[in-house]
Every structure is written in structure tokens, then in C-alpha cells.
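Just below is one structure, and these are the notes that go with it.
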Amino acid sequence: MKTIYLDNNATTRVAPEVVEAMLPYFSDRYGNPSSMHSFGGLVKRELDGARERLASLIGAHPDEIVFTSCGTESDNAAIRGVLECYPGKNHFVTTRVEHPAVWNLCPYLRKKGYRVTELSVDRKGRIDLDELRSSLTDATALVSVMYANNETGVIFPIEEIGAIVKERGIPFHTDAVQAVGKLPLHMSKSTVDLLSLSGHKLHAPKGIGALYVRKGTKISPFLIGGHQEKGRRGGTENVPYIIGLGKAAEIAKERMVEEQTRVKMLRDRLESGITKLIPNVLVNGDTEHRLPNTSNVSFEYVEGESILMMLNDLGICASSGSACTSGSLEPSHVLRAMGVPFTAAHGSIRFSLSVYTTEEEVEVVLEHLPGIIEKLRDISPFWKDAVEGKLRLRQTG
Ligand code: PLP
């Protein structure tokens, strides 16, 4: 059975060109970039090349790139590293819909004595800029707002947010793990001071990430050790993976406009097919400001997990907006923050496409999904109640 992979916000396939670029650094080119000899020097030059390619993708200067092990490390390093530089300030502002790499830092920071503001979102997953404005005080040490949400794809107005934050002279971090490689970014013209990214979301391997740190931004080192990464993160560099990330960045930059236009077309075809063929479907999030590859759809009165399992039986990979915790299916914190109704949040599925997604794959999903939902609704007590409720309404109305 052929796999139809529509879970690219979880992770992506490593591009064959990326694998090819990495291979020599596992075998012949194993020198340490910090070594004085030319065997290490060659690796150092290639590492610098990868840094330039990644910087170019996000419109930054190569010196502003610090390689890390993943997006989570970049988020932690940015937030904890900046807060440490402002011991007199104890206020951190973020949103209710961040990825756990930021969101789970909130209880940790509260325990450490910080006041944390988690900005609310509306039904479409958008923050209120006035709420942001009024949350900022002289004690605010850092604001962190994600560039695009991993579950819904909703894109935040990062430059507007940044302008409000910078007006108060406060450092601004964005978790752009889902945006890099999908959206054009220009850090040199941006209000963002720190930006997190992760290789495995843009066809590089898992276990490599980076943090953009604007020149002049105060930040403590993430790992204290050697002089690598200009003393900001000690430890011998993960050379093959950095080379891979550099190659993935180069490809993303070259093909972004063309590929992301195609991906968006396929996503729109999938979404319009679903909403046309299946009744009681809601598309979650602001569809006007959304990543081109993401569609979060709620199938009312069915459980997301059951849909996923039936898709899985057909080789179709997607993910659901609820997490199975201790036997109860809790909708995700993102959908809860958006106020998606219980009966819809439980049946939410995220489809996330990539440059490798084909039209045929989208058609296969559209061929099978209506039958899956119909079957599940046939055995759903909620659906039965809903239909009967409607019938009663119709009869009495
Ligand atoms: N931030 C966002 C928005 C993400 O989607 C993810 C991964 O899903 C991360 C951070 C964490 O990245 P990593 O898996 O590289 O730690």
C-alpha cells in the first residue's frame, strides 16, 4: 500500500538532494571545523556556506544565525536566554496557542516567579492587538508570538505585533518553525529580534534547528562551553545536519514561489472537495491568513482518532486536534483557546501538505473520506441525536 503523507507539519521527508549533500560529511569530510589544519578548514568553509544559505532564506546576516539541535531548543534558548539578561524584569507575554516548546515554558516561568500573560485568540485563532498593547508594562522583558500556528496554519501579523512591541523597547521573539521555507521572510527589514526554526519542517533531517538573533540583541549563551557559534552555543557542530539544513534552505528559497503556489492549490482543492462532499464540516482558523499547506477541518459529531485510524488503514497519514490523555479525548489547547465547539473540536483533523504532495493523492483522500465520515456518523450517538434534533425542529417548524 502506498503511503499518502499529509502530516507535513509534524515532519517532512528529507529531500534526496539534502541526503546527497550530507553524505560526504559522514565519511570523507569528517574534520572538526574548529581544527587548525586544512582538513578541518575545508569543513569550516562548508559550514559557513550552509550558514550563508540559511541566512539568505530568511533575509538575515550569516553572523545572526546560531545552529541548534531543534526548534524546541531554539525556543527555549531564545526565551530563557533573553529573560536571564533582564533580571530586573519579571513579565513575559505570549499567546494561548503556542506550540508546547513555548507554551509549556509558561508554568515553568510562573514557578520561577515570572508573571506570564497568555494573550487570547478569537474564533479564527487571531490575537487582539489592543490586548497585546495593554498587556505591555515596564516590567515586560520579552514578547513571544508564533509566526504561524502548527495546528491551524493561521499566520499572525508579526510585523504589526513587532512594531507595537518595539515601540516599548521590548525584545521580540517569534517561533517561525512552521513558517520558514513556506513564507518569504526578510529579517533585515523586520521588527523581529529572535526567530526559531527547525530543519525537519523544511525537508532537512530531524535534530537540527537554528535561532536567528538580531545583531545587538542581549542573550545568554544556550550552552556554555567552547567558542563555537561565537560562544552562543558551545559544542562541536553537527556538521552533516547543518550542511543538510543549508541545502534545504537553498532549495526552499529557489522554489518557494512556484512550489508553495502549487501546494496551496492542492490544499484548496482538498478543502473545497471536503466541504462540498461532506455535510457538517467546519474549517478551523483564519483562512485568509494561513500557511499554504495546512487545512484543519472539523467533522462534527465524530471522533478525530477514529477518522485517523480509518485513514491510516488506507495508508493516509494526517493528524488530529485532540490528544488522547488518560482515556479522555481532550481537544487541543489551540482549538479550546479558539472556542471551537466541543462536538467539532473532537472531530478535527489536520491535513498538512508538502512539495511532494500530488494531485492524485488529494483525489484518493477525497474518494475515501466521505465514506469514512458517513460510516462513523452512522455509529455516533452524537450524530444520531443531532439528526433527530434537526428532524424534530423541521417537524415542529
Ligand atoms: N514550534 C512549532 C510551531 C512547531 O510546529 C514545532 C514542531 O512541531 C516546534 C516548535 C518544535 O520543533 P522541534 O520538533 O524541532 O523541536
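Can you give the Rg to Rh ratio for region 1-49, taking only C-alpha atoms and Rh from Kirkwood?
1.22
Put +1 on the Cβ of each Lys and Arg and -1 on the Cβ of each Asp and Glu in the chain; which of VAL334, ASN296, THR68 then has its Cα farthest toward the positive end of the dipole?
THR68
Mind checking the angle between helix 359-378 and the chain's longest principal axis? C-alpha axes, 0 to 90 degrees, to the nearest 10.
50 degrees
Antiparallel as a % of all DSSP beta bridges within region 108-243, to the nearest 5?
Close to 50 percent.
Report, to one decimal in Å, the Kirkwood hydrodynamic radius for region 117-206 based on all distinct Cα pairs.
Computed over Cα pairs of region 117-206, the Kirkwood hydrodynamic radius comes out at 13.8 Å.
Any idea what the alpha-carbon Rg over 2.2 N^0.38 Å comes to for region 216-345?
Cα Rg divided by the expected 2.2 N^0.38 Å: 1.48.
Which of the lysines could a cross-linker bridge to LYS247, judged by Cα under 21 Å and excluding same-chain residues fewer than eight apart?
Result set, ordered by chain and number: LYS44, LYS182, LYS201, LYS206.
Please tell me the relative contact order of region 186-252 in percent, rounded to the nearest whole number, where contacts are Cα pairs under 8 Å and at least six residues apart.
With pairs under 8 Å counted, the relative contact order is 28 percent.
If packing is taken as the mean number of other Cβ atoms within 10 Å per residue, what is the order of 43-55, 165-177, highest first?
Packing proxy ranking, top to bottom: 165-177, 43-55.
Longer than 29 Å from Cα to Cα, which of LYS124/LYS215; LYS189/LYS264; LYS166/LYS264; LYS112/LYS166; LYS89/LYS230 are they? Say none if no pair is.
Beyond 29 Å between Cα atoms: LYS124/LYS215; LYS166/LYS264.
Roughly to the nearest percent, how much of the accessible area of region 226-283 is carbon and sulfur, given a 1.4 Å probe?
The nonpolar share, carbon plus sulfur, comes to 55 percent.
Hey, what does the equivalent ellipsoid look like for region 1-138, semi-axes from the Cα gyration tensor as sqrt of 5 times each eigenvalue, largest first, whole Å?
Here the semi-axes work out to 37, 23, 14 Å.
Keeping all protein chains in the complex and leaving out DNA, RNA and ligands, what accessible area do you get for TYR108 with a 1.4 Å probe, in Å² to the nearest 10?
Surface accessible to solvent at TYR108 totals approximately 90 Å².
Net charge within 15 Å of GLY216 by Cβ-Cβ distance, Lys/Arg positive one each and Asp/Glu negative one each, not counting GLY216 itself?
+3
Would you kindly find the accessible area of ILE379, with a 1.4 Å probe and non-protein molecules such as ligands, DNA and RNA excluded, rounding to the nearest 10 Å²?
130 Å²
Quick check for you: with a 1.4 Å probe and neighbouring chains kept, what is the accessible area per residue of region 1-126, in Å²?
Counting only protein heavy atoms, the per-residue value for region 1-126 is 48 Å².
So if I take the alpha carbon set of region 154-227, get Rg, then get Rh from the Kirkwood formula, what is the Rg over Rh ratio?
Using Cα coordinates only, the ratio equals 0.99.
Specify whether the C-alpha gyration tensor of region 70-110 places it in the rounded, prolate or oblate class, a ≥ b ≥ c being the square roots of the eigenvalues: rounded for a/c under 1.5, otherwise prolate if a/b is larger than b/c and oblate if not.
It is oblate, given that a/c is not under 1.5 and a/b is not larger than b/c.
In Å and whole numbers, how far do the C-alpha atoms of region 225-272 stretch along each principal axis, longest first?
53, 20, 16
Hey, can you find the accessible area per residue of region 197-293 for me, probe 1.4 Å, expressed in square angstrom?
I get 46 Å² per residue for this part.
Carbon-plus-sulfur fraction of the accessible area of region 1-113, 1.4 Å probe, in percent?
55 percent
Roll a 1.4 angstrom probe over the protein heavy atoms and tell me the percent of accessible area of region 144-209 that is carbon or sulfur.
The value for region 144-209 is 55 percent carbon and sulfur by accessible area.
Taking Cα atoms of the chain, Rg/Rh with Kirkwood Rh, to two decimals?
Here Rg/Rh amounts to 1.01.
Can you give the three extents of the C-alpha atoms in region 38-87 along their principal axes, from longest to shortest, in whole Å?
Reported extents, whole Å, longest axis first: 43, 25, 19.
The values are calculated or read from the model by the stated rules, or taken from the named source; none is laboratory data. Note that the coordinates shown come from a computational prediction; the quantities given were computed from them, not determined experimentally. Positions of Cβ are backbone-derived with ideal geometry, glycine not excepted, and every protein chain shown enters the neighbour counts. Surface accessibility is based on the protein's heavy atoms, side chains included, excluding ligands, DNA and RNA. Shrake-Rupley method; radii C 1.70, N 1.55, O 1.52, S 1.80 Å.
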